[in-house]
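S.K.: Right, I'll just put the structure down here and ask away after.
The values are calculated or read from the model by the stated rules, or taken from the named source; none is laboratory data. Being a predicted model, the structure only gives us computed values, none of them experimental. When we count neighbours, we look across all protein chains shown, and the Cβ atoms used for this are built from the backbone with ideal geometry, even at glycine. SASA here: full protein model, heavy atoms, side chains in, ligands and nucleic acids out. Shrake-Rupley method; radii C 1.70, N 1.55, O 1.52, S 1.80 Å.
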Amino acid sequence: MRTGSEPVTARSALRARLWLSVWGLAWAVFGTAAFALLGRPGWAAACGVLWLVATVDMAVILRHIRQGPHYQPGRDVPPYRPADSRPPPFRHPPQHGHP
């Protein structure tokens, strides 16, 4: 059910994002070191850029986690205002011009 307030009350799986960021950071570090040792400076630089992006992403995620319930509402905060007890009005299905 959409209420129109979803962007305001949206929740994010920050812990899952943190672990995915850790996974990406580990692979970026490994790729940077491996390509640097193999003499592939272009690929090492690309992995270095990914390393930087993963580090910045992890810092943002950790900042949001540390903000606590102010940023991430707990389970006791409903994701939207409860709907009225009235049933929604009946709407006719759309009429398509297909044969």
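S.K.: For a quick check of understanding: with a 1.4 angstrom probe and all protein chains in place, what accessible area in square angstrom does D76 have, to the nearest ten?
M.R.: 130
S.K.: Between R91 and V60, what FRET efficiency comes out of the Förster formula 1/(1 + (r/R0)^6) with R0 = 41 Å and r the beta carbon distance, rounded to 0.05?
M.R.: 0.50
S.K.: Contour minus end-to-end for L20 and L37, with contour as 0.36 nm per residue of separation and end-to-end as the Cα-Cα distance?
M.R.: 3.5 nm
S.K.: Keeping all protein chains in the complex and leaving out DNA, RNA and ligands, what accessible area do you get for W27 with a 1.4 Å probe, in Å² to the nearest 10?
M.R.: Result for W27: roughly 140 Å² accessible.
S.K.: How much solvent-accessible surface does V56 expose, in Å² to the nearest 10, with a 1.4 Å probe and all protein chains in place?
M.R.: 80
S.K.: Determine the order of F90, F30, F35 by accessible area, beginning with the largest, at a probe radius of 1.4 Å.
M.R.: F90, F30, F35
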